Amino acid sequence: MRIIRLRDVMSATGLARSTIYKHISENTFPKPVSMGDRCVGWIESEIQDWILERIEERDQQAGAA
């Protein structure tokens, strides 16, 4: 298991910081893990799973068209 920082999450997803936190507030993105005062990270596998879910949604929509 690996914890990644915001910069890596942004790079992996292509999302901006504000968009990531918007999705977190809407409960549509993995929540960060506190690593101390003013320091958070995300579990890498949860981010990968989120990306795979987006790919599955895209493929299902393409199959329905």
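The values are calculated or read from the model by the stated rules, or taken from the named source; none is laboratory data. Computed from a prediction, not measured in an experiment: that's the story for all the values here. Ideal geometry is used to build each Cβ from the backbone, glycine not excepted, and the neighbour counts take in all protein chains shown. Surface areas here come from the heavy atoms of the whole protein model, side chains and all, with no ligands, DNA or RNA. Shrake-Rupley method; radii C 1.70, N 1.55, O 1.52, S 1.80 Å.
Being of a type in the set (Phe, Trp, Tyr) and touching a helix residue (DSSP H, G or I) at 6+ places or on another chain (Cβ under 6 Å) is a property that holds for residue 42.
When the residues of segment 13-65 are narrowed to those that are part of a helix (DSSP H, G or I) and hydroxyl-bearing (Ser, Thr, Tyr), which ends up nearest to residue 3 (Cα to Cα)? For segment 13-65, the residue satisfying everything is 45. Note on segment 10-48: residues that are open to solvent by 60 Å² or more (accessible area, probe 1.4 Å), in contact (Cβ under 8 Å) with a residue 12 or more places away in the chain and among the acidic types (Asp, Glu) amount to 1.
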